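Structure, as structure tokens:
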Amino acid sequence: MIQTAESISNWHPDKICDLIADNIVRECLKQDKNSRCAVEVFGGHGLIIVGGEITTKAIIDYGKITREFYLKHCNKEIGVITNIVTQSLDIAMGVDKGGAGDQGIMYGYACDENDEFIPQEKFLANRLLEPFTSDAKSQVTIKDGIITDIVLSVQGKTQEELRKYVLDFCDEYKLTIPNIYCNYTGRFEIGGFDADCGVTGRKIVCDQYGPRVPVGGGAFSGKDFTKVDRSGAIMARHIALNELWKNKAKEVLVKIAYCIGKAEPLMVIAIIDGVEKDVSKQYDCRPESIIRKLKLGYKTL
């Protein structure tokens, strides 16, 4: 069995866009907990475009808070264009009565491979990036439980610096020394929006469990918690952890399916060590119930 997963830093262009979108949602929910938000961000080469649908009582200058966030996060000025309109009334009439903000299938997962209960290759890819505050990506390949390859690209670091860091990392985690590929083009000095464009929702596999686990629905970023892409996936993870601990299992995969405008999900399934179980009676997965139970709000973004 060979598994590979990657991770990206908060200074990667796609992740910058996710963070900008969530910063807008956070400010909306902070002022008005009933805000409805679906924000998309495109950025690169001196310009950010913010679009989407927001219905809120919050008073916000979307361009201003976007420029301020980028300046604080990246220490640079940038131009901003905004095009925000209110949520479609056709969608609102379903959400207003407690229904899901969209259809879709959401996945949650938990396993016993480490103290974060995620696939080991994703766990290590995430940990590799923890010290870095620039544009960066990592990738880890595991074959039959042994790490065979580590790829690490970090803006502003030399190949020698990164190789030493990876060797120290392997020593810290008691890993067999794998093949190591650091800044493999030979140089990585230009990064972030100076090198590439970014878009919200383009790293949904990185945001979750890596490619070992299916992804469904859509991105989390830019959405309030009436959007089951976000709240449903959070609840699916909550169920997966509960079932893992309760059953002393090795791994649990949870699937929840929704219909737009309908509060009750169409399916809540937990696959526990390969055995499928209907858990719809055990967990209340209506969007409003999830928000209340897990205390989802601007502080949890």
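For segment 96-112, a residue qualifies if it is modelled with pLDDT of 90 or more and buried (at least 17 other Cβ atoms within 10 Å of the Cβ), and the qualifying residues are G99, A100, G104, I105, M106, Y107, G108, Y109, A110, C111. If the condition is being touching a helix residue (DSSP H, G or I) at 6+ places or on another chain (Cβ under 9 Å) and either farther than 21 Å from D14 by Cβ or among the β-branched types (V, I, T) (or both), then segment 54-76 contributes I54, T55, T56, K57, A58, I59, I60, I65, T66.
Residues that are among the aliphatic types (A, V, I, L, M) and either without any contact (Cβ under 8 Å) to a residue 24 or more places away in the chain or buried (at least 18 other Cβ atoms within 10 Å of the Cβ) (or both) within segment 145-159 comprise I147, I150, V151, L152, V154, listed in sequence order. Here's a check for you: in segment 204-238, which residue that is assigned to a loop (DSSP other than H, G, I, E, B) and open to solvent by 30 Å² or more (accessible area, probe 1.4 Å) is modelled with the lowest pLDDT? Selected residue: G217.
Restricting attention to segment 78-93, the residues that are at pLDDT 95 or above and touching a Lys or Arg at 6+ places or on another chain (Cβ under 7 Å) add up to 2. Step by step: first the residues of segment 278-301, then only those that are touching a strand residue (DSSP E or B) at 6+ places or on another chain (Cβ under 9 Å) and either part of a loop (DSSP other than H, G, I, E, B) or of a type outside the set (D, E) (or both), then the one that is surrounded by the most Cβ atoms within 10 Å (Cβ to Cβ). Which residue is that? Only one residue fits best here, namely C285.
Just a yes or no: is a residue in segment 11-34 open to solvent by less than 10 Å² (accessible area, probe 1.4 Å) and charged (D, E, K, R)? Yes, because at least one residue in segment 11-34 is open to solvent by less than 10 Å² (accessible area, probe 1.4 Å) and charged (D, E, K, R). Counting the residues of segment 50-89 that are open to solvent by 100 Å² or more (accessible area, probe 1.4 Å), over 21 Å from K33 (Cα atoms) and in a loop (DSSP other than H, G, I, E, B) gives 2. Pairs are defined by a Cβ separation below 6 Å, a sequence spacing of at least 6 or placement on different chains, a first member in segment 209-223 that is within 25 Å of V39 (Cβ to Cβ), and a second member that is of a type outside the set (D, E) and open to solvent by 50 Å² or more (accessible area, probe 1.4 Å); the pairs so defined are V215/V205; G216/I105. Looking only at segment 160-196, residues that are touching a Pro at 6+ places or on another chain (Cβ under 9 Å) and either over 27 Å from L47 (Cα atoms) or open to solvent by less than 50 Å² (accessible area, probe 1.4 Å) (or both) come to 7 in all.
So for segment 254-261 (the condition being open to solvent by 10 Å² or more (accessible area, probe 1.4 Å) and modelled with pLDDT under 95), does at least one residue qualify? Yes - at least one qualifying residue is present in segment 254-261. Residue pairs whose Cβ atoms lie under 9 Å apart, separated by 6 or more positions or on different chains, with the first residue in segment 60-76 and at pLDDT 95 or above and the second of a type in the set (F, W, Y) and not in a helix (DSSP H, G or I), are H73/W11; C74/W11. Within segment 250-265, the set of residues being more than 20 Å from the chain's Cα centre (by Cα) and of a type in the set (K, R) comprises K250, K262.
The values are calculated or read from the model by the stated rules, or taken from the named source; none is laboratory data. Values in this document were obtained by computation on a predicted structure and should not be read as measured data. Cβ coordinates were reconstructed from backbone atoms using ideal geometry, including for glycine residues, and neighbour counts include every protein chain displayed. Ligands, DNA and RNA are stripped out before the accessible areas are found, and what is left, the full protein with its side chains, is counted by its heavy atoms. Shrake-Rupley method; radii C 1.70, N 1.55, O 1.52, S 1.80 Å.
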